[in-house]
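Enquirer: Please see the structure below; I have some questions.
What follows is calculated from the coordinates using simple rules that are stated; it is not laboratory data. None of these values were measured; they are calculated from a predicted model. Reconstructed Cβ throughout: ideal geometry from the backbone, glycine too, with neighbour counts over all protein chains shown.
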Amino acid sequence: MLDNSKILIVDDIPANLEVITETLSSHGYTTAAVTSGERALQWLETYKADLILLDVQMPGLDGFETCQKIKDNASTADIPIIFITALSNIDSIAKGFSLGAVDYISKPFQDSELLARVNTHLRLQQLNQSLEQQVAKRTSQLESMMKQLEDVLSQLKSSQLQLIQQEKMSALGNLVAGVAHEINNPLGFVRG
């Protein structure tokens, strides 16, 4: 069990909701249960779920449509969805995965299978969030280093321009001294 994980269970049959809720609650998970896709979407407007267990065959908005709407919403798109359904044909399973589901459990299910899959996907979700935080932190560090490098590069360019100016002035001074020397030589000869 993962601490503070909230699981949303969506099934139109109250007996199924009761069995799943009992199984998960008895192992320390926090659950919320709704009986339709529409209610699941309303619930997600107010609360945050770490995982959704979603029945496919429901009146009104079915599981596939509900999954699509959840994945289309930026605030809920990252929530892992596991379909729990009696549909076990390859087309239904493939459709569920193509819509963004992370797993598929066939009814009737064994409690141990449900718990193993829920635990696995909650751990994967937490690992994914941890990796995203690490990437964001490293990206921020790299941006900071890039800013420092840009500042150093700007200072180097400024120093380079100053050196070029000094070299130009030095070369101009040498040229003027050389011209003055060349002019002084004939004048000194004439004077002599």
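Enquirer: What nm distance separates the two modelled labels at residue 181 and residue 86, each placed 7 Å from Cα along Cα→Cβ?
Expert: With each label point 7 Å from Cα toward Cβ, the separation is 10.7 nm.
Enquirer: Then there's this: What does the extension gain come out to for residue 130 and residue 142, with contour length at 0.36 nm per residue minus their alpha carbon separation?
Expert: 2.5 nm
Enquirer: I'd like the FRET efficiency for residue 15 and residue 113, computed as 1/(1 + (r/R0)^6) with the beta carbon distance as r and R0 of 25 Å, rounded to 0.05.
Expert: It comes out at approximately 0.85.
Enquirer: Would you work out the charge dipole size for region 6-140 about its Cα centre, treating the Cβ of every Lys and Arg as +1 and the Cβ of every Asp and Glu as -1, and quote it to the nearest 20 debye?
Expert: Computed about the Cα centre, the dipole is about 560 debye.
Enquirer: Give a quick list of chymotrypsin sites (Phe, Trp or Tyr not before Pro) in region 15-60 that DSSP marks as loop, anything other than H, G, I, E or B, with at most 14 other Cβ atoms within 10 Å.
Expert: Sparse-neighbourhood loop chymotrypsin sites (Phe, Trp or Tyr not before Pro): 47.
Enquirer: Relative to the longest principal axis of the chain, what angle (0 to 90°, nearest 10) does the C-alpha long axis of helix 14-25 take?
Expert: Approximately 60 degrees, to the nearest ten.
Enquirer: Past 27 Å, Cα to Cα, is the threshold; run 147/168; 137/157; 6/71; 69/107; 6/69 against it and keep the listed order.
Expert: Flagged as over cut-off: 147/168; 137/157.
Enquirer: Separate question: Once both labels are modelled 7 Å past Cα along the beta-carbon direction, what's the residue 151-residue 25 spacing in nm?
Expert: 5.7 nm
Enquirer: Additional query: Compute the acute angle (0 to 90°) between the alpha-carbon long axis of helix 63-72 and the principal axis of greatest extent of the alpha-carbon atoms of the chain; round to the nearest 10°.
Expert: In the chain, helix 63-72 runs at an angle near 20 degrees to the longest axis.
Enquirer: Still on this model: Between residue 33 and residues 5 or more places away or on another chain, which pairs have amide H atoms under 5 Å apart, with H built 1.01 Å from N, and which residues are they?
Expert: Residues meeting the criterion, in which the H sits 1.01 Å from N, are 9.
Enquirer: How high is the relative contact order of the chain, in percent, with contacts defined as C-alpha pairs under 8 Å that are six or more residues apart?
Expert: Across the chain, relative contact order equals 16 percent.
Enquirer: Further question: Putting +1 on Lys and Arg Cβ atoms and -1 on Asp and Glu Cβ atoms, find which of 106, 14, 77 reaches farthest to the positive end of the dipole of region 6-140.
Expert: Of the listed residues, the answer is 77.
Enquirer: Something else now. For every helix of n ≥ 4 consecutive DSSP H residues, a contribution of -39,500 (n - 2.57) applies; sum these over the chain, divide by its total residues, and give [θ] at 222 nm rounded to the nearest 500 deg cm²/dmol.
Expert: For the chain, the value works out to -22500 deg cm²/dmol.
Enquirer: Could you give me the radius of gyration and the Dmax of the chain, taking only the C-alpha atoms into account and expressing both in angstrom?
Expert: Considering the chain through its Cα atoms, Rg and Dmax are 35.7, 125 Å.
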